[in-house]
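So the structure is just underneath, and the comments pick up after that.
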Amino acid sequence: MFEFELHEMRSAELRRAAREESLAREAVRSRRAARRAEAAGRDGTHAESQGDTDRPRRLRLPRTA
């Protein structure tokens, strides 16, 4: 019974840590998106169009064995 309770506590601790990491990643993502939106507003461009360039994409060849 004692081992089961230890397992439950450890499991709850891991879930709590995972939830905190997920919230931290979400906060970073939202700050980054806000910075991009702000920069796009200053430049007069759209954040979605920044990935489009005039150069062609590099061909991806399969890896050799």
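Details
- Ranked order, GLU8, GLU21 - accessible area, probe 1.4 Å, largest first: GLU21, GLU8
- Seen from LEU14, the other residues with C-beta closer than 12 Å to its C-beta sum to a net charge of 0, counting Lys and Arg as +1 and Asp and Glu as -1.
- GLU38 accessible area, assembled protein chains, probe 1.4 Å, Å²: 110
- When the P(r) is computed for segment 1-44, the part past 14 Å accounts for 66% of the Cα-Cα pairs.
The values are calculated or read from the model by the stated rules, or taken from the named source; none is laboratory data. Note that the coordinates shown come from a computational prediction; the quantities given were computed from them, not determined experimentally. Cβ: placed from backbone, ideal geometry, glycine included. Neighbour counts: every protein chain shown. Only protein heavy atoms, including side chains, enter the accessible area calculation; ligands, DNA and RNA are left aside. Shrake-Rupley method; radii C 1.70, N 1.55, O 1.52, S 1.80 Å.
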